[in-house]
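Working notes for the structure below.
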């Protein structure tokens, strides 16, 4: 995930710049005010930093920043998955682009697709880790300290966090049930009474419509009987009167007597006979209905009482009559939930089980931390000796918390003894800003192989040091460059001399105004830049010779590093063959 290229257009003092980066250790140097930190600012913009109109070069409409990263290392699969999940093209490179106009409005792209600044920021966290002059301040934050130790231990606190959330939820449920036990019992008694009262009616789904219809029918049963009897009499006839069936029969017979003369009578006769059959059927049905229906006052009274009970409950609970079955079922569900809510024994058992699982997960995590803390402390202490802090000792204190937290049961703090045999004290109480910067660098070196972030940027973290310590800083950064791409903005020639690549930032004045330019320096150009960084205004032979000596020393360190690295690779190959 190394940074391949950075392209700037009209950014602060830069009119136009296309810069290719190498792997390993790269330094950026230049005179004060030349704009060394502009590249770091531009990189931060490409990684989702806040946009401001002041970033646009004076007289330009907008600033344009493009950062291209290689995605061919071990972290590539995770980043490919992230890009694909968010709808961006997946390739061997990822290109981040950001524009800012003169009004401060910005736009962002990832691999040519429009993106949000938040997406740039999220992706950028996996691509670049920037250490500013005050990066040491993170050593004062408990979360940063804990995360650093966990990364070194390759410990994942995800299981502890899940167990802690489960325990918290179980504890809250138990405490709520305990504090609300009296109210819950009252609610249960009230709900139980309502369910029992409704159970006397036991309303069934769809019953109200049938019940209402049956009640209406029984209420008017006598009227229905009279109507059916009267209709049957009219159709079938009564004493001394001709009914409809007799009339139809007589009409059909009259036509039948003359159908031989008038053929049309035959059709009419047939129609009348069909009507006679239908009317006769209706008459028989009316007779059966009128004679079979028995009016029972008890049935009506019973039905009337159920309807009245139903309507009373509906009014009491302010529900439509047809909604009572669903209400009754809902109450039963609520009662079941209340019974579970006031089952303190079950809730207590759940809380104890969750606490046991949390304790187990936290203990596993704590053992991992305790196992590696001395190793990390020893490695940082060794690195500190190289950084001019001879006799100082770094240690990691792990103390038990009074109560488990989402991150476990440990309170972790970095301590330092400023001299041999001295008392270990918290960093912030005994270390100066310069010392903290060096400790931060020592930790970065010792943990360089931990994360997936391939590019590390150090923006003048070497402020306040010099001499042999400065050379040690350069050597450590070069060592860090074995595993990562390291970019450092520096004013120290000792650091610059250790770099694999040296970029010079210069301020250029022309009729168009002031602009910053960046270009790699090699050979004698680099010698002159190292000489300038030594603080000599005149490029004397002695100054240039000193600069060459520093570069030769840096070259020797790099050569030694390469031999060590090659030796490790050879040894690894031998072990592989032996295996």
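Every number in this text was worked out from the coordinates using simple rules, so none of it is lab data. On a predicted model such as this, the values are computed, not experimentally measured, just so you know. Cβ: placed from backbone, ideal geometry, glycine included. Neighbour counts: every protein chain shown.
Listing for the model above:
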quantity: Helix-only CD estimate at 222 nm, as mean residue ellipticity for the chain, using -39500 (n - 2.57) per DSSP H run (n ≥ 4); calculated: -18500 deg cm²/dmol
quantity: Gain on full stretching of the segment that runs from residue 353 to residue 311 - 0.36 nm per residue minus C-alpha separation; calculated: 10.2 nm
quantity: Estimated FRET transfer efficiency when R0 is 45 angstrom, pair residue 507-residue 121 (beta carbons, to 0.05); calculated: 0.90
quantity: Packing-based ranking, highest mean first, of 45-58, 302-315, 484-497, 17-30 given that Cβ atoms within 10 Å are counted; calculated: 484-497, 17-30, 45-58, 302-315
quantity: Against the rule of thumb 2.2 N^0.38 Å, how large the Cα Rg of the chain comes out; calculated: 1.87
quantity: Between segment 143-161 and segment 334-392, the Cα center-to-center distance that results, in Å; calculated: 10
quantity: The chain: antiparallel DSSP beta bridges as a percent of all, rounded to 5; calculated: 75
quantity: Highest average packing first - 417-428, 158-169, Cβ atoms within 10 Å; calculated: 158-169, 417-428
quantity: Nearest-ten-degree value, helix 76-85 long axis tilted from longest Cα axis of the chain; calculated: 40
quantity: FRET efficiency, 1/(1 + (r/R0)^6) with R0 22 Å, evaluated for residue 273 and residue 241 via beta carbons; calculated: 0.50
quantity: Rounded FRET efficiency, nearest 0.05, which uses the C-beta distance separating residue 345 from residue 200 and R0 of 30 Å; calculated: 0.35
quantity: Angle between the chain longest axis and helix 344-386 axis [Cα atoms, degrees, rounded to 10]; calculated: 20
quantity: Cα gyration tensor category, rounded, prolate or oblate, for segment 272-396 with a/c compared to 1.5; calculated: prolate
quantity: Between helix 324-341 and the chain: long-axis angle, C-alpha atoms, 0 to 90°, nearest 10; calculated: 40
quantity: Rounded Å value of the spacing that divides the Cα centres of segment 398-430 and segment 471-527; calculated: 37
quantity: Prolate/oblate/rounded label for segment 183-341 (Cα gyration tensor, a/c 1.5); calculated: prolate
